[in-house]
Each structure stands twice: as structure tokens, then as C-alpha cells.
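The values are calculated or read from the model by the stated rules, or taken from the named source; none is laboratory data. What you see is a predicted model, and the numbers here were worked out from it, not measured in a lab. Backbone-built Cβ (ideal geometry, glycine too); neighbour counts: all protein chains shown. Areas reflect the complete protein model, heavy atoms only, side chains present, ligands, DNA and RNA absent. Shrake-Rupley method; radii C 1.70, N 1.55, O 1.52, S 1.80 Å.
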Amino acid sequence: MFRPLHPKHVYICFLISFAFFIDPSSQHVDDVKKQQMREKVREMFYHAYDNYMTYAFPHDELKPITKSFTDSLSELGNLKLEHLPTDYNGSAVTLVESLSSLAIFGNKTEFEKGVLWLSENLKFDVDVRVNLFECNIRLLGGLISAHLLAIDPTNRLIQGSYDNQLLRLAEDLGKRFLPAFETPTGIPYAWINFKKGVMENETTETSTSGCGSLILEMGALSRLTGDPRFESAALRALRQLWRMRSSLDLLGTTLDVVTGEWLEYSSGIGAGVDSFYEYLMKAYILFGKEDYWRMFRSAYLASQKYFRYGPWYHEANMWSGKPTYWQLTSLQAFWPGLQVLVGDVAAANSSHREFFHAWEKFGVIPERYLLDHQMIHPTERYYPLRPELAESTFYLYQATKDPWYLDVGEAMVKSLNRYTKVAGGFASVRDVTTMQLEDHQHSFFLAETCKYLYLLFDDSFVAKRNYIFTTEGHPLQVMSSWHDKLPESYFSGNWTFSKSGAWESGASAMSMKVCPSIAPNSRLHEQHRESVCHVPDQKIDHKCWSNRDCGVDATTCRQRSCSEVGFCGLWNPL
Ligand code: DMJ
């Protein structure tokens, strides 16, 4: 007699039959590809690094076409070579930014050499005006991350003695940041002079990301030095910024640090705002304060509600929530990576596909593409070797182990070598329609682009360790001693989701707070993943009396509403 199978048995049968479909040779092919690609990326990094060390060091960044340098971290970057002050040799920012990558590549000799040089030569007592945000993510983040890597005994990066020199440099730098925070709002000036503090008649305009993404580096500095001033200053600014949000939980893009007024009301997830979201989430992971999670959750839900349109994100007015600009920008491509950390893998996957589609169409990703006009922004046709798409690809591969992401990485490596490699390093693309180059190799190419591509193909450095990456790609180890209180949802997994094979349930620590959604997967079968934005309907059968009984949809993150006949659903048009 035929007896229907219990659903559990069907599931087991499915797994068994699925096992038969897995071709063991395909795993081998992936492993071989990973090894080859890892070596290609390593070559890319050293081509960029060696040329920097030969032609630009100790200045800030390499000009790979003319094999010269630019001190781009300070406003001096805008000056012509002959107008540069003769007593300033830059901040060696590309070297500082390369240290964590050198550690990941296992190059102990070069790491140690770099640490020694910096401890003897890097000085911040110089009369230059610098951008606070850039110095924070590149210099402070680079120094702190390298310090943590240097003192981690498992790395054995330093053979000689290490006496916290990098931390002392970081502390000196951090102290030079503090005068910027002396404003009526506590929100820091965007620019500061290393030697003189805030300059007279300094601009009072800053961006949301500029003043709202300092907490990881400054918080870490306080934890390491025991001096609470850095973390307090960054946190005070962040809280004030959050207080300035609209009733829709949206923030603008630029504001005045003295009056606390918004200057630009339109905002989205890209330029001027991006790392603000990233740092709320990552600060929660690093410091374990529920407060960060609460802010992030509200901000994230609002972003899904007001910016998201299918896989794309447009900008919206912070007061009305009405769409303003319909643009796909290169900087937005970090967002799917952040969504992986949140556990919203389905949404991450669909947006990532759009960004990669843009990459495939143009060979690299243009800075700004006008979605409503279906054309590249006339003045923003460039691609300055940005890392964001590689970053998201790395996170998505970690979360899904879908080999399709390896193909994406391979395509990116090919394009970078084909279009941007020159004898003196890697050059930015001035115009993606002609692939005309520009004489600039940004330090984030070494800190992020090469690092994320390498980690995509070889994650052994992050495997079995808890790291979070700063917005500039510098790893900071997550330590329970830094958690004031472990969040309820903490589990001792890897925050980078390094997995060695089988799927694990619960894509991220955030997942314990939320309910499942489905993540489509191109090569593998569909898997249940978790979505941070999902708020379940009041009743399990989705019946309702009013909108209040309905939650937030797991896949689209849109608020559900109650239909005329009493069922929760996505009844409201987008
Ligand atoms: C990097 O300096 C950082 O990732 C920053 O947050 C914004 N983007 C650049 C690289 O594109």
C-alpha cells in the first residue's frame, strides 16, 4: 500500500538525492581556481605595493603613469609638485594601509620593516590641513589594526621587539583629532590641521558619514589606551547625529557642525552616508552595546522602506521620504556586504547582481549611473579602483559558498589587469566608456580592493577567528573583553562567516532576533536564511483587523498592511 511520506522523510530524501548531484570534481575545480586566483591577486598587490615603495614612498600615494607621488591625504594633494612645502614628505599612508594586507599575505618581513620605519619616521606634528574622516579610516584604522595584528601571538609577525610603537602613533594621532570635536553640537569639523587644530574660518559643513563613522577606530583606541576621550567624543557625535534624524528615521547627507542644521536633505546609502550605517552595525558587533543595534535597526528599516526599489536603491528626501535621485553609484556596492552581516542574504544577493551587471556592462563600475535616464552621469564616468563590489562579493561567498561569486571575483581580477594595470602600478579609470586612465593609485586599492579579492579566494586568515573589517578594510578582532555586555544574540561563530563546507543555519548573529526568509541561490539549492527586517505578523495565519496587526515582509523589508478581507500582505504599492 502506498503511504505518503512524512515531510521530514521527504527532506532527508531530498538531501540524499542532492548529495548524488554534487559532483566531487566540481569542488576540486573550485579549489584549483581559488589557488590560481589567489596567486594572481597576490601579484596584483605586489605590483601596486612595490611600485609605490619605489616611486612614491614615503609620500601618500603613487602616480603610476608618471611614476611619481601625490600627498593626497592632506589638502596638499591638490597642489602641483613644485608648490609642495619642501619639509613635508607625506604620511606614508599607502604603507600604513598596506600593513594589514601584508599580514594577511603572511609577509612577516615586509610587515616588520614597515612597522620599524613608521615607528622611527612617522610624525604627525606637521602643519597640514587634513580631512578627519579620511585620516581616521586610513591612518588611525591602519595603525590600530596593524598594532592588534602585531600583538596577536598567533601571527608571529614581529621577530624583533615590538614595544607598542604603532599604538603610540595612533594615540598621538587620536589626540590631534580631539579639537575637531569642540563644537556646540559635539559633531566634529570635517577638516583639522595636525599642528594647529581647527583653522580659523574653517568650513562648518560635514557629511553624515564623515562625522558618523569614527566610532570603530576611536572606540578601539580608547579600549587599547585606557583613555576614554576618543570613544566618548565619537559616541557623543554619533548620538547627536542620530538625534537629528527625521521622524522617518532618515538622515540627510550634509550638515552644519555649529548650528546642527541639515544642509542637504536628500540621502541614500551611497556617498556621504554609506559608512554611517556600516559603523552602527559594526560597532554593535565590536562593542556589544545594544544601543548601536537599536539605532542600526531603525536606520536599516527606514533605508529599506524609503530607498529600496527592488534590487536598487534611490535617494529620498529625509523629511518626506519622497524619492529624489534615481542613481546607481559605485560606493553603494558595499551595501550587500553589510546586508550579509545583518543576515539579509536574499536582499544582498539581488542587489549584488545589479552591481555586477553594471560591472560587466562597462568593464568596471562607473561612479554614478542614472537609473531614470539609463546613462552614465556625464561628469562621473570614472572608476578609481574602488573595492566595494569585491567586498560584497567576499561577504556573499562567505555566507553562501556559492561558486558563482568566485566567477564574479575572477571577472573583476581580469578587468583590473586588462584595463588598469600599467608598468608603474594600477591606475584609476578616468572614463569607463573609453577606459582612458588617470594618474592615481589610491591607497584603498591595497587596503581593500586587493585584500577582499584575496580573501575571496583564500579565507584562511579569517577562518576560525572573529574579525570585523573597518570601512577601509582593516581587520579588528572581536574580543569579548571589549563587550560591555555580550548581546543576547551573540554566538561564538565567525563574524566574517568563514565556513568550511556545509551550510550552517543562522547566517549571522543578528539572525537570532528575526525570522526566516528565502535566499535564492544560483548554483546551489534554495536555502532558508534569516532577514533582519522581518517583523512577523501578529497572528500565525496572517489574519488582521488593522495594519497594526501586520509586520514587515522578510524579503522586501516593506511594511505589510491589512487587506479589506482581513489578511496581511504587501497590498500598498511601492
Ligand atoms: C574607502 O576609502 C572607504 O571604503 C570609504 O568608506 C569609502 N570608499 C572608499 C573606497 O571606495
So which pairs qualify, if the first residue must be in the range 144-171 and of a type in the set (D, E, K, R), the second must be in a helix (DSSP H, G or I) and open to solvent by 30 Å² or more (accessible area, probe 1.4 Å), the Cβ gap must be under 6 Å, and the two must be at least 6 apart or on different chains? Glu171/Thr225
Can you pull out the residues in the range 378-409 that are away from the ligand (no atom under 16 Å from the Cβ), touching a residue at least 24 places away in the same chain (Cβ under 8 Å) and of a type in the set (Ser, Thr, Tyr)? Tyr397, Thr400, Tyr405
Out of the range 316-353, which residues are crowded, with 23+ Cβ neighbours inside 10 Å and either among the acidic types (Asp, Glu) or assigned to a loop (DSSP other than H, G, I, E, B) (or both)? Met318, Gly343, Asp344
Counted residues, the range 20-70 - those being farther than 21 Å from Leu416 by Cα, open to solvent by 70 Å² or more (accessible area, probe 1.4 Å) and under 26 Å from the mean Cα position of the chain (by Cα): 0
Just name the residue that is nearest to Gly174 (Cα to Cα) out of those in the range 249-271 that are over 22 Å from the mean Cα position of the chain (by Cα) and open to solvent by 40 Å² or more (accessible area, probe 1.4 Å). Val258
Looking for something more than 16 Å from the ligand (Cβ to nearest atom) and more than 18 Å from Pro323 (Cβ to Cβ) - is there at least one such residue anywhere in the range 268-275? no
Got a number for residues in the range 306-315 being open to solvent by 10 Å² or more (accessible area, probe 1.4 Å) and either in contact with an Asp or Glu (Cβ under 7 Å, 6 or more places away or on another chain) or hydroxyl-bearing (Ser, Thr, Tyr) (or both)? 4
When Ser222 is run through (1) touching a Phe, Trp or Tyr at 6+ places or on another chain (Cβ under 6 Å); (2) closer than 27 Å to Leu173 by Cβ; (3) crowded, with 24+ Cβ neighbours inside 10 Å, the failure sits at (3)
What strands (runs of 3 or more DSSP E) lie completely within the range 111-222 and have 1 or more residues being of a type in the set (A, V, I, L, M) and more than 16 Å from the ligand (Cβ to nearest atom)? 191-193
Ile285 fails exactly one of the following numbered conditions: (1) under 23 Å from Ser481 (Cβ atoms); (2) hydrophobic (A, V, I, L, M, F, W, C); (3) modelled with pLDDT of 95 or more. What is the number of that condition? (3)
Which residues, counting only those in the range 98-115, are touching a helix residue (DSSP H, G or I) at 6+ places or on another chain (Cβ under 8 Å) and of a type in the set (Gly, Ala, Ser)? Ser98, Ser100, Ser101, Ala103, Gly114
Which condition number does Gly310 fail, the rest of (1) at pLDDT below 95; (2) within 16 Å of the ligand (Cβ to nearest atom) being met? (2)
If you check every pair at least six apart or on different chains, which have Cβ atoms under 8 Å apart with a residue in the range 461-479 that is at negative phi and in contact (Cβ under 8 Å) with a residue 40 or more places away in the chain first and a residue that is away from the ligand (no atom under 15 Å from the Cβ) and aromatic (Phe, Trp, Tyr) second? Ile468/Trp495; Pro475/Tyr467; Leu476/Tyr467; Gln477/Tyr467; Val478/Tyr467; Val478/Trp495
